[in-house]
Amino acid sequence: MFSWLSLKSNWIRASLGVLVGIVFFALVLRRTSWQEVQDILQQTDGRWIGLAIAAYGMSMVVRVERWRLLLWDVKALSFKSMSVALLVGYAMNNILPARLGELVRADFAGRRYDLSRSATIASIALERTLDGLIVVLSLILGRFFVSQNSLLNTLTIAGIVLFVGVAIALWFISAHQLSKWLERLPQPIYERVLSFRTGLSAMRGQQLGKVIGFSLSVWMCEAIAYWLVLRSINISLDWRQILLVLGVINLSTLIPSAPGYAGTYQYAYSFVLGLFGFSAAAGIAAATSAQLFLFGSTTLIGLALYSYTNAQTLRATPQREKLSQLTKPTSQGDHSRR
């Protein structure tokens with residue numbers, strides 16, 4: 001029953017995400033034409049795109065190291081193991097709507113590396129909360145250099161309330177003072193909460209400074225990647241404008257959307273670039289380039305790794321079954337002699 005309800009809930013989220021993406025794409029396309037977008041995309045400079053992919057790849061390297069640190073108290077895993085799980089999760093995030101890839105990442109890491117699902121989900125929650133706080137800070141700083149805008153005001157307030165609220169909740173859950181109260185919970189729930197708290201261990205130790213440093217490095221790399229994508233279509237922004245771009249487009253991904261944030265990403269890019277005098281077509285072209293080259297490269301690598309690991313598992317299964325059959329008679333013989 002529970003699995004059926006979970007499947008139904010995920011299906012509803014996915015359907016809602018696709019519908020939202022279609023609505024946002026229709027809204028932004030009303031202000032331009034697809035022909036204008038194509039004309040801009042045809043002028044894309046591949047040299048800038050290559051550099052953008054490299055910068056985005058560096059951000060992924062730092063993300064892997066940060067996630068390793070977040071899960072260190074749960075289980076010490078190699079960089080290679082963590083990179084496979086993270087890239088598979090990001091690939092699924094780009095394919096599945098409504099950010100369902102985060103659940104896939106937790107499940108994949110749990111099954112393949114024998115990690116607690118609760119602890120893994122907690123580490124992802126903390127990771128995403130730190131990302132959100134940095135993105136909101138970027139938005140706040142970027143707003144100082146543009147005129148007042150009601151949508152920006154709403155976005156800033158929503159981001160502050162959401163991520164500061166989640167950060168406080170995670171800190172409260174991880175606090176030692178909560179231990180006595182947790183003991184009153186039923187045993188299965190108590191064990192799940194304890195496991196979840198283990199995934200938040202970085203909040204209580206000296207690792208937090210390192211995790212924050214990694215998070216800042218991630219977003220520095222991503223800001224460079226966004227700037228390079230924009231340069232590829234002849235849009236040049238200064239660092240203050242990039243701060244605003246970073247804040248707006250990444251907060252837009254919180255909206256349940258279609259795979260690869262299709263629709264919402266185009267709308268966000270068109271909105272923020274419109275503040276600097278660029279056309280809606282330029283915004284759609286920039287968003288589409290980022291999706292194709294940045295998200296696309298990550299998705300291809302993640303899917304390749306997912307296929308490879310699944311193939312490994314399938315090859316190993318008959319060998320394990322054969323080994324089990326070979327050892328079973330021996331066990332029975334030993335038992336009969338006793």
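The values are calculated or read from the model by the stated rules, or taken from the named source; none is laboratory data. In this text, all values refer to a predicted model and were calculated from it rather than measured experimentally. We place every Cβ from the backbone using ideal geometry, glycine too, and count neighbours over all the protein chains shown.
Checking Val161, Val211 one by one, the residue that is aliphatic (A, V, I, L, M), out of contact with any Ser or Thr (no Cβ under 6 Å at 6 or more places or on another chain) and within 14 Å of Ala125 (Cβ to Cβ) is Val211 and no other. For segment 21-112, the helices (runs of 4 or more DSSP H) that sit wholly inside it and include 2 or more residues that are under 20 Å from Tyr308 (Cβ atoms) and at pLDDT 90 or above are 46-70, 79-95. Quick one: is Leu292 over 16 Å from Ala55 (Cα atoms), surrounded by fewer than 23 Cβ atoms within 10 Å (Cβ to Cβ) and of a type outside the set (Val, Ile, Thr)? The answer is no for Leu292. Please go through segment 141-177 and give me each residue that is exposed (fewer than 13 other Cβ atoms within 10 Å of the Cβ) and not in a loop (DSSP other than H, G, I, E, B), ordered by number. Selection gives Ser150, Leu151, Asn153, Thr154, Ile157, Val161, Gly165, Ile168, Ala169, Phe172, His176, Gln177. For Tyr265, the stated conditions hold: it is within 18 Å of Val37 (Cα to Cα), within 16 Å of the chain's Cα centre (by Cα) and crowded, with 24+ Cβ neighbours inside 10 Å. Filtered by the rule that a residue be aliphatic (A, V, I, L, M) and under 23 Å from Ala282 (Cα atoms), segment 55-68 gives a lone residue, Ala55.
Among the residues here, Arg143 qualifies as more than 27 Å from Leu70 (Cβ to Cβ) and at pLDDT below 95. No other residue among Leu254, Leu273 is at pLDDT 95 or above, hydrophobic (A, V, I, L, M, F, W, C) and under 23 Å from Gly159 (Cα atoms) apart from Leu273.
Among the residues of segment 25-67 satisfying the criterion of being among the hydroxyl-bearing types (Ser, Thr, Tyr) and touching a helix residue (DSSP H, G or I) at 6+ places or on another chain (Cβ under 6 Å), which is surrounded by the most Cβ atoms within 10 Å (Cβ to Cβ)? Only one residue fits best here, namely Tyr56.
Scanning segment 232-278 for residues that are assigned to a loop (DSSP other than H, G, I, E, B), over 20 Å from Leu96 (Cβ atoms) and in contact (Cβ under 8 Å) with a residue 12 or more places away in the chain returns Ile233, Asn234, Ile235, Leu237, Leu275, Phe276, Phe278. Scanning segment 114-140 for residues that are modelled with pLDDT of 95 or more and among the hydroxyl-bearing types (Ser, Thr, Tyr) gives Thr120, Ser123, Thr129, Ser138. Taken as a whole, segment 192-209 holds no residue that is of a type in the set (A, V, I, L, M), closer than 23 Å to Ile157 by Cα and part of a helix (DSSP H, G or I). Would you be able to say whether some residue in segment 60-78 is under 17 Å from the mean Cα position of the chain (by Cα) and of a type in the set (Phe, Trp, Tyr)? Yes - at least one qualifying residue is present in segment 60-78. Among residues that are more than 20 Å from the chain's Cα centre (by Cα) and either surrounded by 11 or more Cβ atoms within 10 Å (Cβ to Cβ) or modelled with pLDDT of 85 or more (or both), Ala282 is included.
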